[in-house]
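Okay, so here's the structure we're looking at.
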Amino acid sequence: MKLVFLGPPGAGKGTQAAEMADQFSLVHASTGDIFRSAVAGDSELGAKVRSYLDDGKLVPDELTSRVVGQMVLDRESDFILDGFPRTIRQAELLDEMLNEKNMNLDGVIYFQLEPEEAIERLTGRLVCSGCGKNYHKVFMPPVVEGVCDVCGDELIVRSDSSREIVEQRLEEYREKTKPLSDYYKKKGLLMSVDASESPADVGRVTQKLIKKMAGGAEE
Ligand SMILES: [Zn+2]
């Protein structure tokens, strides 16, 4: 099965992708991991990616797609793409690459989360200044507010969790990635999951969808 997981930051799609990949024996192809392993190798593509990352620049759509093509599609195994495609252009390039290999996507699962909820989840993340343990103001609070349960040091807001950075990420998502849900809806591939539920509940719904898809493919 070949799947794409879509959703705003904070929707937990990475967690679900890891979980479902495990349950259904699929490759969990997260763009972050793909870039890391491309950069770690000594391929020409890896060197190109590294030059963008070193300069703190966004890796262009074409290059991102080529890397995903080489690291994922060339292995010809089943996968869940997580973090790619991120733009319409990337989705078009993915379609082209799949076509060339006579492959197609079986489905796109869209983890839906209201922006306010995403902001609450993302800005609530805390980290211990001493031991590095992660907390969340609402979902995983320490016993004593502002103090680490383990070492007693002060909890601080994670550097990627400031209101400004979170809003910037959500805005970028809304502008560039959100239109992908319509793109895949038109192709009849889109399925939505309410990501505001607990990770366990979201997992159960997602699992059902994938099972149904797998059943449909065998008929
Ligand atoms: Zn601590």
> Across region 128-182, what is the number of residues that are exposed (fewer than 11 other Cβ atoms within 10 Å of the Cβ) and within 16 Å of the ligand (Cβ to nearest atom)?
Replying inline: 3
>> What's the total number of residues in region 183-202 that are open to solvent by 70 Å² or more (accessible area, probe 1.4 Å) and outside any helix (DSSP H, G or I)?
In response: 3
> Which residues, taken from region 80-96, are closer than 15 Å to VAL67 by Cα and not in a helix (DSSP H, G or I)?
Replying inline: LEU81, ASP82, GLY83, PHE84, PRO85, ARG86
>> Can you tell me which condition MET97 does not meet? The list is (1) open to solvent by 40 Å² or more (accessible area, probe 1.4 Å); (2) without any contact (Cβ under 8 Å) to a residue 40 or more places away in the chain; (3) of a type outside the set (Val, Ile, Thr), and all the others hold.
In response: (1)
>> Return the pair list, or none, for Cβ contacts closer than 7 Å from residues in region 127-144 that are aromatic (Phe, Trp, Tyr) to residues that are assigned to a strand (DSSP E or B), at least 6 apart or on different chains.
In response: TYR135/LEU126; TYR135/LEU155
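The values are calculated or read from the model by the stated rules, or taken from the named source; none is laboratory data. Not measured: the values here are computed from a predicted model. Glycine also receives a Cβ, built like all others from the backbone with ideal geometry; neighbour counts cover every protein chain displayed. The area values use the complete protein model at the heavy-atom level, side chains included, leaving out ligands, DNA and RNA. Shrake-Rupley method; radii C 1.70, N 1.55, O 1.52, S 1.80 Å.
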